[in-house]
1. Please report the base-10 log of the normalised intensity I(q)/I(0) for the chain, using a Debye sum with one equal scatterer per alpha carbon and no solvent, at each q in 0.11, 0.17, 0.21, 0.23 (1/Å).
2. Provide the per-residue ³J(HN,Hα) series for the range 39-44, in order, calculated from phi with Karplus coefficients 6.51, -1.76, 1.60 and θ = phi - 60°, each as a whole number of Hz, with x at glycine and proline positions.
3. Per residue of the range 50-67, what does 6.51 cos²θ - 1.76 cosθ + 1.60 with θ = phi - 60° give for ³J(HN,Hα)? Whole Hz please, x for Gly and Pro, Karplus curve as stated.
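Please treat every number below as a calculation from the coordinates, not as lab data. Predicted model only: the values in this text are computed from it and were never measured.
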Amino acid sequence: MDRVVQALIASIAAFETALQLGRDDDRLAGNALEEIAYHLGEMDPDERRQFVAAVERAAARWEADDPGRGQGDWVRGLPGQLGLS
């Protein structure tokens, strides 16, 4: 599960960057984020708890790898941004 979360985080970050840069593929990135949120929204309560716990572990690793950049806080906020909390 942790590897899936890491891959998902990287994907979300890439899509958000594309949206922020205003590239022509904004619609593609927005649709991809909506699709990710939809599928994650289909998780049952136990799967959501596991997902949030895995996100927390990933955030801690990101902070350990690159302290002081605030990436851990951004990672921790993803479940809320995706409507999962």
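1. -0.30, -0.70, -1.02, -1.16
2. Using θ = phi - 60°, the values come out as 5, 5, x, 7, 5, 7 Hz.
3. Per-residue couplings from phi come out as 5, 4, 4, 5, 5, 4, 4, 5, 5, 4, 4, 5, 4, 5, 5, 6, 8, x Hz.
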